[in-house]
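The values are calculated or read from the model by the stated rules, or taken from the named source; none is laboratory data. The structure presented is a predicted model; accordingly, all values stated were derived computationally and were not measured. Positions of Cβ are generated from backbone atoms using ideal geometry, with glycine treated the same way; all protein chains shown enter the neighbour counts. For the accessible areas, the whole protein counts, side chains as well, though only heavy atoms, and no ligand, DNA or RNA atoms are used. Shrake-Rupley method; radii C 1.70, N 1.55, O 1.52, S 1.80 Å.
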Amino acid sequence: MNVPLIAHVSAASHLVPAAVGLWYWKRLSLPMRVLVFYFNFTVLVEITELILALLGIHNIFVINIHRIVEFVSFMYFFRHHVHHHTYREAMAILSMLYIVLWFTEVSFDPFPKQHSEFINTVSNIALLIVSVAVSFYLFTTSQGNLTSQSTFWICLGAILTFSSTVIIYSLGNTVLALGIEHFTLLWHFNWGFSIIANILYARSFLCQQ
Amino acid sequence: MPTITEHPLLQIIIISTIVLVTLALGYFAVIITSNRKIIAEQHSKIEEIRKSEERYKTLFENSVAGMMKFNFQTWAVLEVNQTLLTMFNCTTPYELQRIFIDLHFDSFYQISKMLMKYGTVDVFEIPIVIKGESPKKLLLSARREGKTEIAHGVVVQVNTQKNE
């Protein structure tokens, strides 16, 4: 199968936030460092996926591991940037629930041959809702310019990523049943928006706040 | 490569994704616009305060009446204009403070009491005798700053010799 150019660009774009994050590592707060860890982990996952695909091994289990790391990292980051008790409690409960669901789903089939629509959809919806809530919280509590705050850029990137892929993820296997070409066509959304999101994530590391 | 028109499911997914992304970006556009509007309003208010402060400063420095900001419990002079310093023949706020403390304790006690109770003092007469100078009569009006011990006062000198 011919891999489109945008897929290569998208894979390479994951290096941008990872590298920028490492560059500014010393002056970053702990939640931001957690995100740097996640972006570097994503780069490793991309490489692993590529190697496994070339070896003809199913790499869905790697995607599942990436999913839980993504969820926990973003939740940790968002929770540290919100000081409202209700928001924080809701995020903690949501995280615990998701971890339990993830372990339950994965324990039934640790090496699946199909995307887990359930894990992906729940994670995307939860992160989308939390990103919207955190950006609203930021807007209502912030005194200064929002664009000078790292949380704003992370929220924007997260909202863009999760809103663009939530429907595709939830119907991924149905589309895959129509043919890999159809899936690839839809996946252009994911590639395109992940390039933009990675630039937005990298932008967040340039903020002083 | 298939086209999006090939299957209705693809069309539904693409259209709903576009709608969702548009909503998300619209939400952010609203947030950014509102934030900029709030910041612009804050800047305009700060500018207004700065101008008002400048006007007050000009008035304070060029007033023909003596003006001061003081603590009405300790009679510490915090700010004073040149007119009031000249009126008492002194050069620094501290010197003026010393004069206030040394002279007419009773009058100052009454002023403190009135400021504490009513928050204002209107045209309070203070007879003052400074060594080597003829007796003076001052009229003080003051207003307390909120619930603090700070007050802003205006002092004018009355020529007592004419009356006598």
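Filtering the stretch B:39-60 to residues that are within 9 Å of chain A (Cβ to nearest Cβ) and either at positive phi or among the β-branched types (V, I, T) (or both) leaves only B:I39.
Total residues in the stretch A:49-59 satisfying the condition of being buried (at least 16 other Cβ atoms within 10 Å of the Cβ) and either in a helix (DSSP H, G or I) or in contact (Cβ under 8 Å) with a residue 60 or more places away in the chain (or both): the figure is 1.
Evaluate the following for A:E117: is it charged (D, E, K, R) and either within 14 Å of chain B (Cβ to nearest Cβ) or open to solvent by less than 10 Å² (accessible area, probe 1.4 Å) (or both)?
yes
Within the stretch B:105-131, if we keep just the residues that are within 15 Å of B:K69 (Cα to Cα) and modelled with pLDDT of 85 or more, the residue that is surrounded by the fewest Cβ atoms within 10 Å (Cβ to Cβ) turns out to be B:T120.
Selection of the stretch B:132-158 for residues being among the small types (G, A, S), more than 15 Å from B:A65 (Cα to Cα) and surrounded by 12 or more Cβ atoms within 10 Å (Cβ to Cβ) yields only B:A151. Can you tell me which residue within the stretch B:65-79, out of those that are part of a strand (DSSP E or B) and under 21 Å from B:Y109 (Cβ atoms), is most open to solvent (accessible area, probe 1.4 Å)? The extreme case among them is B:L78.
Only a single item in (1) among the aliphatic types (A, V, I, L, M); (2) in contact (Cβ under 8 Å) with a residue 24 or more places away in the chain; (3) surrounded by 21 or more Cβ atoms within 10 Å (Cβ to Cβ); (4) within 11 Å of chain B (Cβ to nearest Cβ) is not met by A:A202, and it is number (4).
Of all residues in the stretch A:131-142, those that are open to solvent by 10 Å² or more (accessible area, probe 1.4 Å) and either in contact with a helix residue (DSSP H, G or I) (Cβ under 8 Å, 6 or more places away or on another chain) or more than 11 Å from chain B (Cβ to nearest Cβ) (or both) total 8. Scanning the stretch A:91-114 for residues being open to solvent by 60 Å² or more (accessible area, probe 1.4 Å) and not in a helix (DSSP H, G or I) gives a total of 5.
For the residues A:L206, A:L160, the requirement of being outside any helix (DSSP H, G or I) and at pLDDT 85 or above singles out A:L206.
Pairing residues of the stretch B:52-63 that are of a type in the set (D, E, K, R) with residues that are surrounded by 10 or more Cβ atoms within 10 Å (Cβ to Cβ) and part of a helix (DSSP H, G or I), at Cβ distances under 8 Å and at least 6 apart in sequence or on separate chains, gives B:E61/B:Q82. Only a single criterion out of (1) modelled with pLDDT under 90; (2) over 13 Å from B:G153 (Cβ atoms); (3) more than 18 Å from the chain's Cα centre (by Cα) is not satisfied by B:M87, namely (2).
Tell me, yes or no, whether the stretch A:169-181 has at least one residue that is at the interface with chain B (Cβ under 8 Å from one of its Cβ atoms) and surrounded by 17 or more Cβ atoms within 10 Å (Cβ to Cβ). Don't jump to the end; show me each part of the working.
In the first step, residues of the stretch A:169-181 are kept if they are at the interface with chain B (Cβ under 8 Å from one of its Cβ atoms); the result is A:171, A:174-175, A:178-179, A:181.
This time we only want the ones that are surrounded by 17 or more Cβ atoms within 10 Å (Cβ to Cβ), so: A:171, A:175.
The answer is yes; a qualifying residue exists.
Of everything in the stretch A:143-168, what is surrounded by fewer than 21 Cβ atoms within 10 Å (Cβ to Cβ) and more than 10 Å from chain B (Cβ to nearest Cβ)? Give them in sequence order. Residues satisfying the conditions are A:S148, A:Q149. Apart from one condition, B:N62 fits all of (1) closer than 15 Å to B:V156 by Cα; (2) surrounded by 14 or more Cβ atoms within 10 Å (Cβ to Cβ); the exception is (2).
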